[in-house]
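Each remark here refers to the structure printed beneath this line.
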Amino acid sequence: MLMREAGRITGNALREAGRAIEPGMTTGELDTVVRRYIEGQGAKPSFLGLYGFKGSACISINNQVIHGIPSKDVVIKSGDIVSVDVGACINGYHGDSAYTFACGDITPQAQRLLDTTRESLYLGIKQAVRGNRIGDIGYAIQKYVEARGYSVVREYTGHGVGASIHEDPSVPNYGTPHRGYRLEEGMVIAIEPMINAGTAGVRQLGDGWTVVTADGELSAHFEHTVAITADGPVILTMPDPI
Ligand code: MG
Ligand code: MG
C-alpha cells in the first residue's frame, strides 16, 4: 500500500528519537535527530512549516500535553517524560506517530501513566475494524483510562491521514459505542490518546503552540497511523524490526 513507506519512516524516526534521548540534551537537538533521519530517507518532516511550526517533531515534556516547540534552550532532565510526535511525508502520503519516552529513572506514578496511555492506544486500535464506528474507538480508550483514574483530553483528537496529515474524520479519545462515522475498508486514521494524570483541562501557552495541563499534572501521548483493512487494523507506523 502507498502509505506504508511514510508510516515506516515515521515509526523509525520515532525510534531514533527514543534511542537518542538522554539527560542534558536539548529538545532542539532531539528535533535534529528526527529531521536528519526523515530527510536521510528521502522524506519530508510533515510538521516542519505546517501552520508555521518551527520543528520537525513536537516535543512536550512532563505537564506539556502536545505541540511543544523544540528549542536549544529546553534541556531534558533525568526523570522527565518526553512526548515526541513525528510525521513524515513520502510519495505524497503521510505517517503520524507519537510516543512518550522516559528519560532516566521516572517515578512509578509517571510509569503507570505511560503504561496506561500506551495500552489505551492499543485498545483503541483493536476497535479500528470495518463496520465499527468512531465512537467505539473513543469509548474503548476512555473506559480504560478513566477506570485507572486518569482523564482524557477533549480539545484535541486523532484524525484521518492521507495526502494531508490532518484529514476528516476527527477521532476523539472519548465516545459512545456504535456512534459516529462508520469505519470502512481502506480508511487510514491516526489514533492518539492524550491522557492527563489529573483533570482533563488544558490550556495553550503564550508561544501560541504548547498545550499544557491546566492543573500542572503530567500528561502522556501515544499515537499510531492505522489502516482499516479486510484483515483488521494494520499499524502503518511500526518501526522496522531490529
Ligand atoms: Mg502526531
Ligand atoms: Mg496526529
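Each reported figure results from applying straightforward, stated rules to the coordinates on display, with no laboratory input. Keep in mind that what you see is a predicted model, and the values were worked out from it rather than measured. Heads up, the Cβs are rebuilt from the backbone with ideal geometry, glycines too, and the neighbour counts pull from every protein chain shown.
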Where Lys and Arg each count +1 and Asp and Glu each count -1, what net charge lies around residue 36 among other residues with Cβ under 12 Å from its Cβ?
-3
Would you mind working out the magnitude of the charge dipole of the chain relative to its Cα centre, with +1 at each Lys and Arg C-beta and -1 at each Asp and Glu C-beta, to the nearest 20 Debye?
240 debye
Mind listing the long-range amide H neighbours of residue 194? Cut-off is under 5 Å, sequence gap 5 or more, other chains count too, H placed in the peptide plane at 1.01 Å from N.
153
Cα-based Rg of the chain normalised by 2.2 N^0.38 Å, two decimals
0.93
Between the alpha-carbon centers of region 191-242 and region 1-60, tell me the distance in whole angstrom.
15 Å
Charge context of residue 179, other residues only, Cβ under 13 angstrom, K/R +1, D/E -1:
+1
I need the per residue convex hull volume for region 92-198, using only the alpha carbons, in cubic angstrom as a whole number.
98 Å³
Could you name the lysines in cross-link range of residue 143, using Cα to Cα under 19 Å and dropping any fewer than eight places away on the same chain?
126
Near the amide H of residue 74, under 5 Å away, which other amide H atoms are found, from residues 5 or more places off or on another chain, if H is placed in the peptide plane?
27, 28
Among 208, 171, 53, flag the residue with its Cα farthest along the positive direction of the charge dipole of region 4-235, charges on Cβ as +1 for Lys/Arg and -1 for Asp/Glu.
171
Unit charges at the beta carbon, dipole of region 4-235: most positive-side option, 104, 225, 137
137
